[in-house]
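In what follows, a structure is listed as structure tokens, so that the remarks can point back to it.
The values are calculated or read from the model by the stated rules, or taken from the named source; none is laboratory data. This is a predicted model, so every value here is computed, not measured. All Cβ positions, glycine included, derive from the backbone under ideal geometry; neighbour counts span all protein chains shown.
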There are 2 protein chains.
Amino acid sequence: MNAPKLARVIDIHALKSACSSCSLREMCLPTGLDQNEIEKLDQMVYTRKRVKRGDSVYRSEEKFGSLYAIRSGFFKTTLVMEDGRDQVTGFQMAGDMLGMDGIGADQHTCNAVALEDSEVCVIPYGRLEELSREMHVLQQHFHKVMSREIVREHGVMLLLGSMRAEERLAAFLLNLSQRFTSRGYSASEFNLRMTREEIGSYLGLKLETVSRTFSKFQEDGFISVQQKNIRILDTPGLKKVLGRDQ
Amino acid sequence: MNAPKLARVIDIHALKSACSSCSLREMCLPTGLDQNEIEKLDQMVYTRKRVKRGDSVYRSEEKFGSLYAIRSGFFKTTLVMEDGRDQVTGFQMAGDMLGMDGIGADQHTCNAVALEDSEVCVIPYGRLEELSREMHVLQQHFHKVMSREIVREHGVMLLLGSMRAEERLAAFLLNLSQRFTSRGYSASEFNLRMTREEIGSYLGLKLETVSRTFSKFQEDGFISVQQKNIRILDTPGLKKVLGRDQ
DNA sequence: TGGGAATGTTGATGTGGATCAAACCAATTC
DNA sequence: GAATTGGTTTGATCCACATCAACATTCCCA
């Protein structure tokens, strides 16, 4: 934020990515590659890009060309209706993949916006296709990533279609907690990168409802909320909220 | 339904599929293949399967092994929560692909149920992977199919998260109409294969609301409804329902 | 460092769609 | 062709969440 523009530009070009030495390898790449294969991957991902908070990696309707693996930071993807209403379709963090929506029609269909200063690895799609024709494990991995995105969205549909407000928020918190855990962060304490409005948009609720439900969870002793800081005090309690069917 | 069991079994085995002569080729396969490539595909899809109304092609948790291209008929996919609540996540018709949810964890995550007697082409997934390493166009096509499924689900999320009942149903009808059109059927008249309850489940509404909204659309002169028979009388009218933002 | 814009909380009130309930209708089955 | 069954329609009532409103807090950056 404070760095002068020039410095920033230089930084971007200086960033030679190296999957081989990336701590997120297990997250976004197939495991069990031999040295040769890892080198190929290093050639595929030859640029990283910084994205400042509020900026987008890509916007709806833009020509599709690359996928983006999040190296650090936090994103939301949003869809905008003609009448201006918009909806958050997902929150993505380090190790997650952005841009797969663009393959189908060769143009992006949503906006990917950084919620904090972030860094992505640019994966030129043509190169990925090429390499995954050569490397079976890469092909398999990529298909799994896409399939998991389909399954994740199924889950959101279930949430939006069948759950009440408390259940939605409980599911949301448990999901975040689980994802932080699998990235080596605390499962029980984290900072929300998004606003109440963005959470509401994702969960099909109004921001007031999100706020009230947070307060209720706090009264119930499930969590403690201090603005963006969340501490989960009673995971089983939250899970019970999810379980009970009314 | 009336055919004796034996006859049915024989039929199944007699069905040698041939992509090369399939009328749905444009729908579910890449275009612009040469003779050699088409022959390869014929080898990939070597069985068809009949699925009777009410039966499933696969069920949640089952081991994943194949994708299924719908050759004829109509399906729904459903998700079931632990407490029994279930949700329809999609309706699929001829030319659509089933089973991509299973790739990620090597087991299916939803149920694919036939809403009428149907027929699917079985695509062994390993074979598809293999072939798409050899054939660039097939690889591209398959990736597009998966990506489009992601985009479709984005649309459903928008619908469930941001639209009111009338908008949801209008969007649903317009979508169905469009899909029938692109398959060469009438855009303005068709029979619903699903019940009001299934429509409601898909749209996050109760069956009574679906029924009432159909009635309202009829009063408004947008459609005529006679049980499962729908006739769309005023497409622009329906589109306007979708457009207005409250 | 202070003042204004975002963002978040909480209360009072309104409403779209859920729920409950009763007919109705069409398709099977006996 | 009466009885059963699964699906649909319609009305009356209710409630979860939206909306409107006032205020509190935090975060900027001028």
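Can B:Gly126 be described as at pLDDT 95 or above, surrounded by fewer than 20 Cβ atoms within 10 Å (Cβ to Cβ), within 14 Å of chain A (Cβ to nearest Cβ) and away from DNA strand C (no atom under 16 Å from the Cβ)? Yes.
Could you tell me whether the stretch B:57-77 includes any residue that is closer than 28 Å to A:Gln107 by Cα and either part of a loop (DSSP other than H, G, I, E, B) or at the interface with chain A (Cβ under 9 Å from one of its Cβ atoms) (or both)?
Yes.
For the stretch A:207-228, residues that are more than 14 Å from chain B (Cβ to nearest Cβ) and near DNA strand C (Cβ under 10 Å from one of its atoms) total 13.
Of the residues B:Leu176, B:Leu131, B:Leu169, only one is in contact with a helix residue (DSSP H, G or I) (Cβ under 6 Å, 6 or more places away or on another chain) and in the same structural domain as B:Gln226 (by TED's automatic domain parsing); which?
On the way: B:Leu176 fails: in contact with a helix residue (DSSP H, G or I) (Cβ under 6 Å, 6 or more places away or on another chain); B:Leu131 fails: in the same structural domain as B:Gln226 (by TED's automatic domain parsing).
Of B:Leu176, B:Leu131, B:Leu169, the one residue that is in contact with a helix residue (DSSP H, G or I) (Cβ under 6 Å, 6 or more places away or on another chain) and in the same structural domain as B:Gln226 (by TED's automatic domain parsing) is B:Leu169.
Within the stretch A:110-123, can you find the residues that are within 7 Å of another protein chain (Cβ to nearest Cβ) and surrounded by fewer than 23 Cβ atoms within 10 Å (Cβ to Cβ)?
So in the stretch A:110-123, the residues within 7 Å of another protein chain (Cβ to nearest Cβ) come out as A:110.
Hits for the stretch A:110-123: nothing passes.
Please state which one of A:Ser188, A:Ser211, A:Ser162, A:Ser201 is surrounded by fewer than 20 Cβ atoms within 10 Å (Cβ to Cβ), in contact (Cβ under 8 Å) with a residue 12 or more places away in the chain, of a type in the set (Gly, Ala, Ser) and within 11 Å of DNA strand D (Cβ to nearest atom). Outline the logic, then answer.
Working: A:Ser188 fails: within 11 Å of DNA strand D (Cβ to nearest atom); A:Ser162 fails: in contact (Cβ under 8 Å) with a residue 12 or more places away in the chain; A:Ser201 fails: surrounded by fewer than 20 Cβ atoms within 10 Å (Cβ to Cβ).
Sole residue among the options that is surrounded by fewer than 20 Cβ atoms within 10 Å (Cβ to Cβ), in contact (Cβ under 8 Å) with a residue 12 or more places away in the chain, of a type in the set (Gly, Ala, Ser) and within 11 Å of DNA strand D (Cβ to nearest atom): A:Ser211.
Filtering the stretch A:95-123 to residues that are in contact with a helix residue (DSSP H, G or I) (Cβ under 7 Å, 6 or more places away or on another chain) and touching a residue at least 60 places away in the same chain (Cβ under 8 Å) leaves A:Gly95, A:Met97, A:Ile123.
Can you tell which of B:Gly204, B:Gly243, B:Gly184 is away from DNA strand C (no atom under 13 Å from the Cβ) and at positive phi? Walk me through it before giving the result.
Working: B:Gly204 fails: away from DNA strand C (no atom under 13 Å from the Cβ); B:Gly243 fails: at positive phi.
Checking each option against the conditions leaves just B:Gly184.
When A:Gln87 is tested against (1) assigned to a strand (DSSP E or B); (2) surrounded by fewer than 22 Cβ atoms within 10 Å (Cβ to Cβ); (3) at the interface with chain B (Cβ under 10 Å from one of its Cβ atoms), only condition (2) is not met.
None of A:Gly204, A:Gly161 is facing chain B (nearest Cβ under 9 Å) and within 30 Å of B:Tyr125 (Cβ to Cβ) except A:Gly161.
Pick from the stretch B:90-108 the residues that are part of a strand (DSSP E or B) and under 11 Å from the mean Cα position of the chain (by Cα): which of them is farthest from the other protein chains (Cβ to nearest Cβ)? Don't jump to the end; show me each part of the working.
Pass one, the stretch B:90-108, residues part of a strand (DSSP E or B): B:90-93, B:97-98, B:107.
Narrowing further to those that are under 11 Å from the mean Cα position of the chain (by Cα): B:90-93, B:97-98.
Numbers: B:Gly90: 9, B:Phe91: 13, B:Gln92: 13, B:Met93: 18, B:Met97: 11, B:Leu98: 12 Å.
Filtering the stretch B:90-108 for residues that are part of a strand (DSSP E or B) and under 11 Å from the mean Cα position of the chain (by Cα), the one farthest from the other protein chains (Cβ to nearest Cβ) comes out as B:Met93.
How many of the residues in the stretch A:109-152 are closer than 25 Å to B:Leu138 by Cα, in a helix (DSSP H, G or I) and of a type outside the set (Phe, Trp, Tyr)?
24
Results for (1) hydroxyl-bearing (Ser, Thr, Tyr); (2) at pLDDT 95 or above; (3) under 21 Å from B:Thr47 (Cα atoms), shown as yes or no for each residue.
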site: B:Asp117; (1), (2), (3): no, no, yes
site: B:His136; (1), (2), (3): no, no, no
site: B:Arg152; (1), (2), (3): no, yes, no
site: B:Val156; (1), (2), (3): no, yes, no
site: B:Glu166; (1), (2), (3): no, yes, no
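Looking at this structure, is B:Gly65 in contact (Cβ under 8 Å) with a residue 60 or more places away in the chain and of a type in the set (Gly, Ala, Ser)? Yes: the conditions hold for B:Gly65. For the stretch A:181-237, which positions are at pLDDT below 95 and in a helix (DSSP H, G or I)? Scanning the stretch A:181-237 gives A:Thr181, A:Ser182. Here A:Arg193 passes the criteria (1) in contact with an Asp or Glu (Cβ under 8 Å, 6 or more places away or on another chain); (2) assigned by TED's automatic domain parsing to the domain that holds A:Thr235; (3) under 30 Å from B:Gly65 (Cα atoms) except the one numbered (3).
With respect to the stated conditions, B:Arg168 is within 12 Å of DNA strand C (Cβ to nearest atom) and either outside any helix (DSSP H, G or I) or not small (Gly, Ala, Ser) (or both).
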